[in-house]
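Chemist: Please read through the structure below; I'll follow up with questions.
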Amino acid sequence: MTVAMINEKVLAWAVDRAEIPLDVVAKKVNVKRERLATRLEGEERPTFRQAQNLSSILHIPFGYLFLKEPPEEKLAIPDLRTVGSDPARRLDLNFRDLLSDVLFKRDWFRDFIQDHAGHQLGFVGKYQASDSTRVIAADMRQVLYGEEGPLRTGNWEEHLRMLIDKAEGAGIWVMRNGIVGSNTHRPLSVSQFRGFAIADKVVPLIFINGKDAKAAQIFTFAHELAHLWLGESGVSNVQLGDADYGVHQQIERKCNEIAAEFLIPAAGFPSQWRAADTLSDNADRLSRVYKVSRIVIVRRALDLGLIDHAAYGRFYAIEAARWNDTAAGDGGSFHNNLPLRNGQRFTRAVVNQAVSGAMLLRHAASLLNAQPTTILSYYKQGRTAQ
């Protein structure tokens, strides 16, 4: 049986990169752990089929196993996450594959937008971190809402969906997913990241980790929106429970300030806070006014000096224990999830191109992480609903 002359150093790199225990890898390729260890040491070579299985399990291109040295993988956007005063641990394989998939989609969508009279959006990079937080937040509201202001919504989840619709209408591509593509076996970890932004002037993008508690997602959206206005791409992991939001980089602190002002303007909020009421009563009442979650209301009270850290800590602990929400996009109809996971305008553009014959169905399927037949059924369902 022909063996594959793979590079054992690359194989060892791939196993470490995947963060999968060696015994689990061995079980998946149906060999004993000791035998796999000999391959990592270069004492034995796998067959071509075994090498192909390894590349699939470790999520690397098959050709990588034959490189002279492990490839140097650089993140395409800045990693702005911190833990304490130190950088967070490296982003895992699921995130890296997610980002690669998003960039693959972005390359196509950017060309598509430019071919259809697309133009650069003036709000991307319009401000700097030294500019007024209130001015930036007001401009964000103006771009999304116009003179009429935000639409009336029933609750904060509806408000988030309204914000996403408004953002898409302004030319911002918004994706919300809790898994890599459509692979339910590859969930995204909230401990890794909560969102990221790509400040492209033609197709600015916001990604929200749908595995996060829904109560926190609206702040993540506003935080990433601020990234676009500052023209700063990056991966974020905002911690609402930490006094400093768990961030130490200047750009992240600024984006948190802008996000809070965008969601709950400081002007008027203190006068609506009733010191005689309980935190829970204030949170319930003002969450209905501002259409954000209870925790965002109380967090704003903390930032504006209306409550102390001890009171906030107790409230946050109780709220966090209640966050058993179903992750966005992980349940329900696949047809309904498709535009949530991929963004509304992007999904519509890909489906229309495929149905019109301007794009092969299999290419459309790869862009939407779906089957070709799903593209047609999604289009027919949309036509029926019109």
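This table checks each residue for (1) of a type in the set (D, E, K, R); (2) under 30 Å from R194 (Cβ atoms).
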position	(1), (2)
V10	no, no
D16	yes, yes
A51	no, no
L58	no, yes
E69	yes, no
R89	yes, yes
W108	no, yes
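Chemist: If you don't mind, another one. Suppose we keep only residues that are outside any loop (DSSP other than H, G, I, E, B) and of a type in the set (G, A, S) within region 258-300. Which one would you say is farthest from the chain's Cα centre (by Cα)?
Modeler: Among those residues, the one meeting the criterion is S271.
Chemist: For H227, are the conditions met, namely being in contact with a strand residue (DSSP E or B) (Cβ under 8 Å, 6 or more places away or on another chain) and either crowded, with 22+ Cβ neighbours inside 10 Å or at pLDDT below 95 (or both)?
Modeler: yes
Chemist: Just checking, which of R90, R35 is assigned by TED's automatic domain parsing to the domain that holds F207 and not aromatic (F, W, Y)?
Modeler: Being assigned by TED's automatic domain parsing to the domain that holds F207 and not aromatic (F, W, Y) holds for just one of R90, R35, which is R90.
Chemist: Give me the helices (runs of 4 or more DSSP H) completely within region 19-128, filtered to those with at least 1 residues that are within 25 Å of the chain's Cα centre (by Cα) and either at pLDDT 85 or above or hydroxyl-bearing (S, T, Y) (or both), ordered by residue number.
Modeler: The helices (runs of 4 or more DSSP H) meeting that bar are 48-57, 93-115.
Chemist: When you look at H248, is it touching a strand residue (DSSP E or B) at 6+ places or on another chain (Cβ under 9 Å) and either in a helix (DSSP H, G or I) or without any contact (Cβ under 8 Å) to a residue 60 or more places away in the chain (or both), yes or no?
Modeler: no
Chemist: If a residue has to be under 18 Å from A354 (Cα atoms) and not charged (D, E, K, R) to count, how many in region 88-113 make the cut?
Modeler: 5
Chemist: Restricting attention to region 202-214, does a residue exist that is more than 29 Å from G118 (Cα to Cα) and either free of Cβ contacts under 8 Å to residues at least 60 places away in the same chain or not in a loop (DSSP other than H, G, I, E, B) (or both)?
Modeler: yes
The values are calculated or read from the model by the stated rules, or taken from the named source; none is laboratory data. Keep in mind that this is a model prediction, so the values were computed, not measured. Because the Cβ atoms are built from the backbone with ideal geometry, glycine has one as well, and the counts that use them run over all protein chains shown.
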